[in-house]
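One structure is given below, encoded as structure tokens.
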Amino acid sequence: MDTEIELKFLVSDNEVPLIPALITQFAKRVNNKPAKNLQNAYYDTPSRELRALDIGLRTRCADNNCEQTIKLAGEVVGGLHQRPEFNLPLSGNKPDIFAFDASIWPMGMRLESIAENLYPIFSTNFIRRTWLIETESGGKIEVVLDKGEVTARGQTEQICELEIELVEGDRGDLFELAQQLLSHIGLRLGFYSKAARGYRLADDLPLTVDKAIGFVPLADDCTQEQALISTVNYAIEFVQKHEQCYVNEPTLKALKRIIDGVRLIRHAFWLFDEFVAKESTESLKKELKWLLGELQWVESASYLKTYTSKRHAYYKRINSEPELAQVIGDLKDVQPTPTDLEDLFHCSRYNRLILDLTRWLLEKSWRQNWDQHAIKAAQSSAKSKAKKTFDTDWKSLRNTFSENKALSVGEYLQARGLLEEMLLSGNCFGSLFEKSQRRDFRAPWMDIVFGIHELETLHYLKQLCEGQKETSFVEILTWLQQKADFLVSAMEQSRHASLNCEPYW
């Protein structure tokens, strides 16, 4: 058995010629292997039993030699892929899963039934160029460039990937080489394997943007440190998924989900600050702040899109005012383009941030300079931490949203940060509690947050109108105020319902 430890990058055709020279600069020695044409077929049952177990079964043929490979469930952190792998020679072109040692299979796996129903789901065919390099510290890294395509149901997707795999030595060498490559050419860390792409194509299941950030999967007895690792890893995956969603189909929703993932990472640093020292996250927080700054236009762009959507209640009124429509149109014209965003996702600073977060997780960098208090906190129950956090948040909310007074538009807008932080804590810890009770408690608060976003949409439009001289804007301002007052009235009802909810923790 081998365990792959590799970083995967997506590379554009025009960057490919730069790769050999960069490898040579980094390495002490380089062995350039002959290129190979690899023909691969991936097998599963009609009900995708192997996929459900996160097992990959592949046959590969090159130069009249064939082998079969089993990849078992592993983990992906950022761009780093780690999976147990088993390879056996194959006399034909069909897999024989009984040839593998029986001990590798998960308990209860129906091997005979699966073997009877195996068929090729999709294929990947590509030219592979390989360099085996020796680092200055004596480590060995295999660098692989694959160019070709994945094919399923008569459809194809292009493959142009660079993989760097640790063969021998320290994992730090892998990250150092990655930094070298990211500093000189436009790469994107690849979250999805060829197999994942092939299954999506075969089953006609394209990536879609999530409606909201979900709940971090946590074991009921997990420690705070385990909850930190799960939260940050979940958030990195969430960012990378929606980065790919945007590259596939540019939408503001995908960018908003990227923002959600970044904010969840920052929230985790704060949430677990009893054992995550500020020194260990200082540079990461600086870069996360930079990324949020690069995407700060997304919120106002969402407002502008709202105004010009024919499905929205504001469209008819705004469209009847040509001066206001012109102002909105001018603002939309200066927004970053999809090309600008693709450049951001390919730039070295963005990808170094994802790589640094990955390394921070793998090396458990927060453990540096731990004292006894930090160790005790890290090993303590995540569920106990959740209850304390929720109790504190609940007290703050009840003070802010007191039933004894009516809230104004301004007070709702000021409360947005507090509400969103509370909900993010729920995203971190919510899976530890009963689902329906959690949903019932959060639902009215979610309604209030959506209401605040709508108020901010109206507030933004009001600011645009207040800067104009035409008398027609006076009527629009009156109309906007009426809309805001009506919305606050509805939010007041949700607020009173929220304060009467039973806490789910």
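Any read-out appearing in this document is the output of simple, stated calculations on the displayed coordinates, not a laboratory observation. Treat the numbers as computed from the prediction; the structure is a model and nothing was measured. All Cβ positions, even for glycine, are placed from backbone atoms using ideal geometry, and neighbour counts span all protein chains on display.
Key figures
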item: Nearest-ten-degree value, helix 472-499 long axis tilted from longest Cα axis of the chain; result: 70
item: Region 381-505 - Rg (one decimal) and Dmax (whole number), Cα, Å; result: 17.3, 62
item: Cβ-placed point charges (K, R +1; D, E -1), dipole of region 381-505 about Cα centre in debye, nearest 20; result: 640
item: Sites Glu136 and Glu75, calculated FRET efficiency, Cβ-Cβ separation with R0 30 Å, nearest 0.05; result: 0.55
item: Fewest-first ranking of Met422, Met446, using other Cβ atoms within 10 Å as the exposure measure; result: Met446, Met422
item: Positive-end residue, region 142-192 charge dipole about Cα centroid, Cβ charges, pick of His184, Thr151, Gly172; result: Thr151
item: Region 2-202 - charge dipole about Cα centre, Lys and Arg +1 at Cβ, Asp and Glu -1, debye rounded to 20; result: 520
item: Calculated on alpha-carbon atoms, Rg and Dmax of region 186-340 in Å; result: 19.2, 60
item: P(r) histogram, all alpha-carbon pairs of region 2-202 included - 5 Å bins from 0, percent; result: 1, 7, 15, 18, 20, 16, 12, 7, 3, 1, 0
item: Cα-based helix-to-principal-axis angle, 224-248 vs the chain, degrees rounded to 10; result: 90
item: Low-density loop cleavage sites - GluC sites (Glu not before Pro) in region 430-505, where at most 11 other Cβ are within 10 Å (DSSP); result: Glu434
item: Computed [θ] at 222 nm, deg cm²/dmol, the chain (DSSP H ≥ 4; -39,500 (n - 2.57); rounded to nearest 500); result: -17000 deg cm²/dmol
item: Nonlocal amide H pairs with Ala277, under 5 Å, H built at 1.01 Å; result: none
item: Sparse-neighbour loop sites [trypsin sites (Lys or Arg not before Pro); region 83-156; at most 16 other C-beta within 10 Å; DSSP]; result: Arg110, Arg153
item: Rounded Å value of the spacing that divides the Cα centres of region 251-295 and region 419-476; result: 20
item: P(r) tail fraction, the chain - alpha-carbon pairs more than 45 Å apart, %; result: 24
item: Residue-wise HN-Hα coupling along region 178-188, computed from phi with Karplus coefficients 6.51, -1.76, 1.60 (Hz; x: Gly, Pro); result: 4, 4, 4, 5, 5, 6, 10, 9, x, 10, 10
item: No Cys partner within the rule (Cβ under 4.7 Å), the chain; result: Cys160, Cys222, Cys245, Cys347, Cys428, Cys465, Cys501
item: At 0.890 mPa s and 25 °C, Stokes diffusion of region 45-99 via Kirkwood alpha-carbon radius, µm² per second; result: 197
item: Residue pairs, from the table Lys241/Lys289; Lys253/Lys395; Lys305/Lys405; Lys285/Lys376; Lys285/Lys364, whose Cα atoms sit over 28 Å apart; result: Lys253/Lys395; Lys305/Lys405
item: Crossing angle, helix 297-308 versus the chain [Cα axis fit, 0-90 degrees, rounded to tens]; result: 60
item: Of the trypsin sites (Lys or Arg not before Pro) in region 1-96, those whose Cβ has at most 16 other Cβ within 10 Å and which sit in DSSP loop; result: Lys28, Arg48
